[in-house]
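One structure is given here, and the rest of the page talks about it.
The values are calculated or read from the model by the stated rules, or taken from the named source; none is laboratory data. Predicted, not measured: the structure shown is a model, and the values here were computed from it. Using ideal geometry, Cβ is built from the backbone for each residue, glycine included, and neighbour counts are taken over all protein chains shown. Heavy atoms of the whole protein, side chains included, go into the accessibility calculation; ligands, DNA and RNA do not. Shrake-Rupley method; radii C 1.70, N 1.55, O 1.52, S 1.80 Å.
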Amino acid sequence: MSALLFILSAPSGTGKTTLARRLVAAHPGAFFSVSYTTRSPRAHEKEGVDYHFVDEARFQQMVAQGAFVEWALVHGCHYGTPKAVIDRARKEGVLAVFDVDVQGGEMIKKQHPDAVRSLILPPSLAELERRLRARSTDDSAAIQRRLLAAREEIGRARRADYEYWVVNDDVDRAYGDLEAIVRAESCRAGRRPLSPDLGIP
Ligand code: ADP
Ligand code: 5GP
């Protein structure tokens, strides 16, 4: 198969990380695109697994070297997707899952039109608020900011013509939708090479 560049975007707290990790675990050879960021690691995060954590100087050096397929300022910190991830996916012909915001998804799609973008949606704003409170990583003011940002991000994804919308109401059901998208996209015309004995030039 040729590579499947699969981009997931979602408002914070929707369940994107949960779904992305599950997708990678279920597909042999698949991998998660580990971005570079200037933000500090959270308690459970590991270098090289969740992100490559770098300082601003190193990030700017990588920008100058053209190391990123896209980079952006998100909530005051820099985030960038390394070009090396795309090269690896193309070389290995596997599923690569990207967790980037909508502006990042747009940039990757512009340069790699075969990339597929899915927006993960919360079932409602009230449920998103409940999940953010349950995660208890933010205070009330931060939760209100995230809810406002969530509406903006969904509007941006609609304007950017994301190919798929998946509602994460029940995690198993939403995961089934993502599996269905990956399966259909892997059958897209031209994605698999034709057997040489068909004799089609
Ligand atoms: P994100 O990466 O989008 O910020 P996470 O994957 O960290 O979101 O999920 C946010 C929280 O919501 C986690 O505590 C996760 O276990 C929970 N969660 C994810 N999907 C669902 C769901 N369908 N129903 C209820 N809780 C969910
Ligand atoms: P967090 O800091 O919560 O892990 O991520 C904050 C936001 O940055 C999320 O919307 C996430 O999808 C986005 N993000 C993570 N990595 C990248 C990246 O490499 N590029 C872009 N554009 N956004 C990213």
(request) State whether the residues of the range 100-109 include one that is touching a residue at least 12 places away in the same chain (Cβ under 8 Å) and away from ligand 2 (no atom under 13 Å from the Cβ). (result) no
(message) Every residue in the range 4-29 that is under 28 Å from G93 (Cβ atoms), part of a loop (DSSP other than H, G, I, E, B) and in contact with a helix residue (DSSP H, G or I) (Cβ under 7 Å, 6 or more places away or on another chain), please.
(response) A10, G29
(request) Quickly run through the range 152-189 and pick out the residues that are without any contact (Cβ under 8 Å) to a residue 40 or more places away in the chain and either more than 19 Å from A30 (Cα to Cα) or aliphatic (A, V, I, L, M) (or both). (result) E152, G155, R158, R159, D161, D170, D172, R173, A180, A184, A189
(request) Please determine, by comparing only the residues of the range 1-15 that are near ligand 1 (Cβ under 9 Å from one of its atoms) and aliphatic (A, V, I, L, M), which one is farthest from Q111 (Cα to Cα). (result) A10
(message) If I filter the range 48-58 down to residues being surrounded by 16 or more Cβ atoms within 10 Å (Cβ to Cβ) and more than 15 Å from K83 (Cβ to Cβ), which single residue comes out as farthest from the chain's Cα centre (by Cα)?
(response) V54
(request) Consider G93 carefully, then state whether it is more than 16 Å from the chain's Cα centre (by Cα) and closer than 23 Å to R21 by Cβ. (result) yes
(request) Could you check how many residues of the range 1-22 are open to solvent by 10 Å² or more (accessible area, probe 1.4 Å), within 12 Å of the chain's Cα centre (by Cα) and away from ligand 2 (no atom under 12 Å from the Cβ)? (result) 3
(message) Looking at the range 30-51, I want the residues that are over 25 Å from K91 (Cα atoms) and assigned to a loop (DSSP other than H, G, I, E, B) and have a partner that is of a type outside the set (S, T, N, Q) and open to solvent by 70 Å² or more (accessible area, probe 1.4 Å) with Cβ atoms under 6 Å, at least 6 apart or on another chain. Which pairs are those?
(response) T38/E56
(request) Considering (1) surrounded by fewer than 17 Cβ atoms within 10 Å (Cβ to Cβ); (2) modelled with pLDDT of 95 or more; (3) among the acidic types (D, E), say which one D101 fails and leave the rest. (result) (1)
(message) What are the pairs with Cβ atoms under 9 angstrom where one residue, in the range 59-81, is open to solvent by 30 Å² or more (accessible area, probe 1.4 Å) and of a type in the set (K, R) and the other, located anywhere, is in a strand (DSSP E or B) and more than 7 Å from ligand 2 (Cβ to nearest atom)? Sequence gap at least six, or different chains.
(response) none
(message) If I filter the range 115-135 for residues that are in contact (Cβ under 8 Å) with a residue 12 or more places away in the chain, farther than 17 Å from L19 by Cβ, open to solvent by 20 Å² or more (accessible area, probe 1.4 Å) and in a helix (DSSP H, G or I), do I get at least one hit?
(response) yes
(message) Can you say whether V74 is under 26 Å from L121 (Cβ atoms) and touching a strand residue (DSSP E or B) at 6+ places or on another chain (Cβ under 6 Å), as far as the supplied structure shows?
(response) no
(message) Considering only the range 148-166, I want to know if a residue exists there that is of a type outside the set (A, V, I, L, M), open to solvent by less than 70 Å² (accessible area, probe 1.4 Å), over 17 Å from L5 (Cα atoms) and not in a helix (DSSP H, G or I).
(response) no
